[in-house]
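K.L.:
I have a structure I would like to understand better, so I am pasting it below and will then ask my questions one at a time.
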Amino acid sequence: MTQVRRRGFTLIEILVVLGIISVLLSVLYVSFDSSRRSARDSERQVELTKLQLAIETYKSQNGQFPAAGCGSAGEWVGNGPSTATGFENCNSSSGWIVGMVPEYIAELPADSRFETTDNRGFMYRTNADRSAYKILAHNTAEGKFITQYDQKFARCPYACGVAHCPTGGVTAVPQQTTYALYSRGAECW
C-alpha cells in the first residue's frame, strides 16, 4: 500500500507564523508611533517659526506687533480652549492674531492635538502698546521635550524676577511640553 502525502501546513505551524507576524507588527507600530509624535513636534516648531517670521514682518511694516484677536492686550489668545488662567478661546478662522491672514501668513496654525477639555494649542499674547509678544504651542509636545532653558523653543519661567531665562542661575525645570518664541520684553510672560 502506498501512502498519500498531503501537502500543506499544520494548524500549529500557521499559529506560530501568525504569532511571529503579530510580534513584528507591534514592534513596527511602536517605532512608527514614536516617529509620528516626533514629526508632529517638528511641525509645531516649524509653524511657530513661520508665525514668528510673519509677526516680525508685520511689525517692520506697521511699527508694532499685531493685536490679539478675540482677547485684549495682556491676555492669551489662540486656537485652544478657554481656561481659568485667562486664555481666551479663538479659532484659526476668527483670527486670533489680527491682520495676519492672508497678507503675512496664509493661515494661522491650529494644533493637531487641540481638545476642548485640555489647555492645549497655539497661543499669542501682546502687551498694551504692542511692543512685545510671545507665541506658544502650549502643552502639545509629544516627544521632543524642552529639558533646558538654552534650547531654542524653551519658555522662560513665569516668575522671572532678577534671574532671567536662560542665564542668571535659573534652576527651575522648564515647561517640557510647551514651545515658545518671543520678542524682547516678553520673557517673563
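Readers should treat all values here as calculations from the given coordinates under stated rules, not as data from a laboratory. A quick note: this is a predicted structure, and the numbers were derived from the prediction, not measured. Heads up, the Cβs are rebuilt from the backbone with ideal geometry, glycines too, and the neighbour counts pull from every protein chain shown.
K.L.:
In nm, to one decimal, how far is the modelled label at GLN148 from the one at VAL16, with both set 7 Å along Cα→Cβ?
P.N.:
If labels sit at GLN148 and VAL16, their model points lie 5.1 nm apart.
K.L.:
In segment 1-69, what GluC sites (Glu not before Pro) fall in a loop by DSSP, with at most 10 other Cβ atoms inside 10 Å?
P.N.:
The qualifying sites: there are none.
K.L.:
For each of SER31, SER38, SER183, count neighbouring Cβ atoms within 10 Å of the residue's Cβ, then give the residues from fewest to most.
P.N.:
Ascending number of Cβ neighbours within 10 Å: SER31, SER38, SER183.
K.L.:
For GLU142, which sequence-distant residues (separation of 5 or more, or a different chain) have an amide H within less than 5 Å of its own amide H, given hydrogens modelled in the peptide plane?
P.N.:
ASP41
K.L.:
For the residues LYS134, LYS50, what sequence is obtained by ranking on other C-beta atoms within 10 Å, fewest first?
P.N.:
LYS50, LYS134
K.L.:
Could you please rank THR126, THR10, placing first whichever residue has the fewest other Cβ atoms within 10 Å of its Cβ?
P.N.:
THR10, THR126
K.L.:
While we're looking at this one, here's another question. How about LYS59: which lysines have a C-alpha closer than 29 Å to its C-alpha, ignoring those fewer than 8 places off in the same chain?
P.N.:
LYS50, LYS134, LYS152
K.L.:
Length gain on complete extension for the stretch SER112 to LYS59, per 0.36 nm per residue less the alpha carbon to alpha carbon distance?
P.N.:
Working it through step by step, the gained length comes to 16.3 nm.
K.L.:
At R0 = 35 Å, how high is the FRET efficiency between SER31 and VAL101 if r is their beta carbon distance? Nearest 0.05 is fine.
P.N.:
With R0 = 35 Å, the Cβ-Cβ based efficiency is 0.40.
K.L.:
A further question on this structure: Read phi for every residue in segment 54-69 and hand back ³J(HN,Hα) as whole Hz from Karplus 6.51 cos²θ - 1.76 cosθ + 1.60, θ = phi - 60°, with x for Gly and Pro.
P.N.:
Values per residue, Gly and Pro as x: 5, 5, 5, 5, 4, 5, 5, 8, 10, x, 7, 6, x, 7, 6, x Hz.
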